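Since the structure comes first, as structure tokens, the remarks are kept for the end.
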Amino acid sequence: MKWITHQSAALMAAFSVGLPLAGIAAAWAGSVMPDVLDQRAANRAFFRQKKFNQVHRKASHWFGWWLALWAWSLTGQLGPLPDALVGGFGFGALTHVLLDMCTTHGVPLLPFGNTRFSLKICSTGSFGEYAILIMSVLVFWVAKKPELLHFHVPLY
């Protein structure tokens, strides 16, 4: 998925689950970190695009790293601000992996394995990706404002 999708969905998800402002900012940064790590690895190679294609959506896109980071922040061992930053960062990267799981390419089931998991809902840059983005923004908005679902129809 494109970065705008990752960043928008992570912001809305972080806001709707009630992360503090520092956590929301960290989620925004973490939402693109799996791709940033792949780009950094590729930038050290002579044939950058070839290397990027080899490393993209491999170990950096395994949900376990990001889930562990987020869970660590929930222990409260770091202090309020570091917990918010570490937790938000892990949460944002986790949303990245979950969104990439919706694409046809999917994500790895194990960090260094070849078995992948994909919901095969859309491909990157397609109409389906933007439909997922719009639906997720709506879901997170309604989750934050549940009163939008309650309405009264007068019966005369």
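Looking for something under 13 Å from the mean Cα position of the chain (by Cα) and free of Cβ contacts under 8 Å to residues at least 40 places away in the same chain - is there at least one such residue anywhere in region 19-26? No; the residues of region 19-26 include none that is under 13 Å from the mean Cα position of the chain (by Cα) and free of Cβ contacts under 8 Å to residues at least 40 places away in the same chain.
Of the residues making up region 113-145, those that are hydroxyl-bearing (Ser, Thr, Tyr), assigned to a loop (DSSP other than H, G, I, E, B) and open to solvent by less than 40 Å² (accessible area, probe 1.4 Å) number 2. Among the residues making up region 50-96, those that are among the basic types (Lys, Arg) and surrounded by 17 or more Cβ atoms within 10 Å (Cβ to Cβ) are LYS51, ARG57, LYS58.
The test for being touching a residue at least 40 places away in the same chain (Cβ under 8 Å) and open to solvent by 30 Å² or more (accessible area, probe 1.4 Å) does not hold for PHE47.
Taking residues in region 138-151 that are under 14 Å from VAL17 (Cβ atoms), and partners anywhere that are surrounded by 10 or more Cβ atoms within 10 Å (Cβ to Cβ) and at pLDDT below 70, the pairs with Cβ atoms closer than 6 Å and at least 6 places apart or on different chains are VAL142/LEU148.
The values are calculated or read from the model by the stated rules, or taken from the named source; none is laboratory data. The model shown is predicted, which means the values in this text are computed figures rather than measured ones. Positions of Cβ are backbone-derived with ideal geometry, glycine not excepted, and every protein chain shown enters the neighbour counts. Each accessible area value is taken on the protein alone, full model and side chains, heavy atoms only, with ligands, DNA and RNA left out. Shrake-Rupley method; radii C 1.70, N 1.55, O 1.52, S 1.80 Å.
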